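Data first, discussion second: the structure below is written as structure tokens.
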Amino acid sequence: MGDMKDDIAQVVETTVVETFSGMLGQTIVAAAGGESAAPTAKDFIYACLLLDQEQGASASFCFSFDDALLARTAAAFYPGPQGADKSVREDIACAVANIVGSKVKSCLNKYGNNYEMAVPFVGEPCCLPATRPDAIHLHFSCDAASAARGEDALVVDVALDAIPAGNC
């Protein structure tokens, strides 16, 4: 499962950075994160997503977005009060989860899998324990300086459940 985890992590990392820089006009960089994705001392918005297939294998995603990142993104697209609306920021969080999930699903399905993707939704914090062997924790910061300080703008936790071997 190690190679599969590496492949999924690479797809998630690349897609998050490309989505924020290309589509949303925000700078975000992959950061060396700790094992735990538990955010502290900030306001976060959580988006959740599930990939599932008939044979029972699944991948669960939890995106923990710093609300300040989503607020900057919303303000760039929606001036005035609409950009300050929390539901707009939640929509952006779910849109990013949808884009990332679609890329991972496509990657996995290229190797003969048949994953289906649920609709992303706003949820509660759903960080995965560092001791879980199938967990992937990816951290992103707004720039290299904030990454060096350990400031997370986005944390993506992925739990893999009986995903077959293959390369993405």
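No value in this document is a laboratory result; all are computed from the given coordinates. Just so it is clear, the structure is predicted and the values come from calculations on it, not from any experiment. A quick note on method: Cβ atoms are made from the backbone with ideal geometry, for glycine too, and the neighbour counts reach across all protein chains shown.
Note on K86: aspartates and glutamates with a C-alpha under 19 Å away, same-chain residues under 8 apart excluded, are D43, D66, D67, E124.
Placing a pseudo-label 7 Å from each Cα along the Cα-to-Cβ vector at S21 and N98 gives an inter-label distance of 2.4 nm.
Sorting R149, R89 from the fewest to the most surrounding beta carbons within 10 angstrom yields R149, R89.
Where does each of T15, T27, T73 land when they are ranked from fewest to most other beta-carbon atoms within 10 angstrom? Could you put the intermediate results ahead of the total?
Working: T15 19, T27 16, T73 24.
Ordered by Cβ neighbours within 10 Å, fewest first: T27, T15, T73.
The largest-to-smallest principal axis extents of the Cα set in the stretch 2-154 are 47, 30, 27 Å.
Placing unit charges on the Cβ atoms only, positive for Lys and Arg and negative for Asp and Glu, gives the stretch 2-154 a dipole magnitude near 180 debye about its Cα centre.
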